[in-house]
1. Can you name the condition, by its number, that G465 falls short on among (1) surrounded by 19 or more Cβ atoms within 10 Å (Cβ to Cβ); (2) at negative phi?
2. Looking only at the range 271-284, decide whether some residue is assigned to a loop (DSSP other than H, G, I, E, B) and more than 21 Å from T413 (Cα to Cα).
3. Considering each residue of the range 233-260, count those that are more than 26 Å from V401 (Cα to Cα), outside any strand (DSSP E or B) and of a type in the set (K, R), and give that number.
4. For the range 320-332, give me each residue that is within 27 Å of A265 (Cβ to Cβ) and open to solvent by less than 10 Å² (accessible area, probe 1.4 Å).
5. Among the listed residues T326, T318, T338, identify the single one that is β-branched (V, I, T) and under 23 Å from F150 (Cβ atoms).
6. Identify the residue in the range 362-394 that is among the charged types (D, E, K, R) and out of contact with any strand residue (DSSP E or B) (no Cβ under 6 Å at 6 or more places or on another chain) and, among all such residues, is nearest to N151 (Cα to Cα).
7. Just checking: which of the strands (runs of 3 or more DSSP E) contained wholly in the range 91-148 hold 3 or more residues that are in contact with a strand residue (DSSP E or B) (Cβ under 8 Å, 6 or more places away or on another chain), at pLDDT below 95 and open to solvent by 30 Å² or more (accessible area, probe 1.4 Å)?
8. In the range 149-184, what residues are under 21 Å from N466 (Cβ atoms) and open to solvent by 10 Å² or more (accessible area, probe 1.4 Å)?
Amino acid sequence: MTKTVNHWIGGKTVEGTSGQYGPVTDPATGAVTTQVALASVEEVDAAVAAAKAAYATWGTSSLAQRTAVLFRYRALLDAHRDDIAALITAEHGKVHSDALGEVARGLEIVELACGITTQLKGELSTQVSNRVDVSSIRQSLGVVAGITPFNFPAMVPMWMFPLAIACGNTFVLKPSEKDPSAANLLAELASEAGLPDGVLNVLHGDKVAVDGLLNHPDVAAVSFVGSTPIARHIHATASANGKRVQALGGAKNHMLVLPDADLDAAADAAVSAAYGSAGERCMAISAVVAVGAIGDELVAKIRERAEKIKIGPGNDPTSEMGPLITAAHRDKVASYVTGAAAQGAEVVLDGTGHTVEGFEDGHWIGLSLLDKVSTDSDAYKDEIFGPVLCVLRVESYEDGVALMNASPFGNGTAIFTRDGGAARRFQLEIQAGMVGVNVPIPVPVGYHSFGGWKDSLFGDHHIYGNDGVHFYTRGKVTTTRWPDPADAPAGVDLGFPRNH
């Protein structure tokens, strides 16, 4: 019998009642291993109601209570790293070591949440006027929701709910229906750590669930990570309903390689950043911009390394890259490679015919490398989200920056050079939210914030770090005057209050 992934609402598993289910496949075999319940509008209402009821007490709980739960939660997550990673591999397909890395990056934000006490400190100004003090505090919002993508089924949820609940909110998580099991385990471990029922809820579903959360009057804020068209829809819909929104969209991340760069280091970085996690990363390098005469040598070095990458099931310790999430996505990624030559590119590596012996029905694709790609080609313009690396050629640093800044995306970017002056100039001139200097995937550590510019972010706040804390709280300012006990009653004064 096929396993069913149900909702987690009010601190317990709740079977789906809509009668609608989505298939969950093992990408390495192509076999449907699980079905996931897809929520109805009524089930959305039930999850939000559970979160709203829990907020009545969690929202007024002490910081000491919240952080005690989070410290226990961090210990449980650490003890269950392999279990979480195994679920990711089984449903997403990424290799186990990559899945473990995902869990580790999520744990960074749990650790940040454990130290939330210092980030929630207020401010006080005394004697701003005669016997008048002004204080500023930050308070929680209420029920908040997170809608997360398939490519990081544990990390991205952990980028959201630990900070949200540390700030005193309650949370409804709607993970991807393509790989839902990791989210349930995260919620079960939180309950085991002592998180009160209803503080963290997991609602599985499709567009019905998403739109239900966006339109629900009791949801105060929505966090989202996914493609740009959906991010734009999330932002417009939730904002129109008066909600606070952070919606992180797609990317086309460029890596600028200057003539003075260490080409071996640049090639190593390009291969790991383009093909890691089968390219299914919003921070993947999908476009290398080679400056000057180094292009041929750089492409040769990338090809040499890419040809050695071992592709296989994620639970095989020798595999370096796994399959793509679905057969449909594999076919879409392949279409960019098969159409590249007609649009002027030189196909250096074509991975579209790759199969793995014994796993012929898996969602396999090999590594593809496209050289001399034009900026008007589909392979360059679209976010492919697969193991396809485009190389573009430019004559100068200025040409490279102009090309990169013309992209509608502005998520992450990198420069490879030995010239500190060029690197400094690049940091200031490039139009992207995250910059790497000789670092190909500049994902910030947990106590800085993650987010892009332009069509890579809709909303005012980046995710986690200080921006995350500010997103999940709102400010309140109190002005206070207490009479001195020695004073006689002052009487009524209808004049405008004086500051001095």
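The values are calculated or read from the model by the stated rules, or taken from the named source; none is laboratory data. Fair warning: this is a prediction, and the values are worked out from it, not measured in the lab. Cβ coordinates were reconstructed from backbone atoms using ideal geometry, including for glycine residues, and neighbour counts include every protein chain displayed. Ligands, DNA and RNA are stripped out before the accessible areas are found, and what is left, the full protein with its side chains, is counted by its heavy atoms. Shrake-Rupley method; radii C 1.70, N 1.55, O 1.52, S 1.80 Å.
1. With (1) surrounded by 19 or more Cβ atoms within 10 Å (Cβ to Cβ); (2) at negative phi applied to G465, the lone miss is (2).
2. In the first step, residues of the range 271-284 are kept if they are assigned to a loop (DSSP other than H, G, I, E, B); the result is 280-284.
Now drop any that are not more than 21 Å from T413 (Cα to Cα), which leaves none.
Within the range 271-284, not a single residue is assigned to a loop (DSSP other than H, G, I, E, B) and more than 21 Å from T413 (Cα to Cα).
3. 1
4. Taking the range 320-332 and keeping what is within 27 Å of A265 (Cβ to Cβ), we get 320-322.
M321, G322, listed by residue number.
5. Working: T318 fails: under 23 Å from F150 (Cβ atoms); T338 fails: under 23 Å from F150 (Cβ atoms).
Result of the check over T326, T318, T338: T326.
6. So in the range 362-394, the residues among the charged types (D, E, K, R) come out as 371-372, 376, 378, 381-383, 393.
Checking the rest, the ones that are also out of contact with any strand residue (DSSP E or B) (no Cβ under 6 Å at 6 or more places or on another chain) come to 376, 378, 381-383.
Details: D376: 27, D378: 22, K381: 21, D382: 17, E383: 14 Å.
That would be E383.
7. Numbers: elements: 123-129, 132-140, 143-147.
Correct list: empty, since no element meets the threshold.
8. Within the range 149-184, the first condition is being under 21 Å from N466 (Cβ atoms), and the residues that meet it are 155-169, 171.
Listed by number, the residues that qualify are M155, W159.
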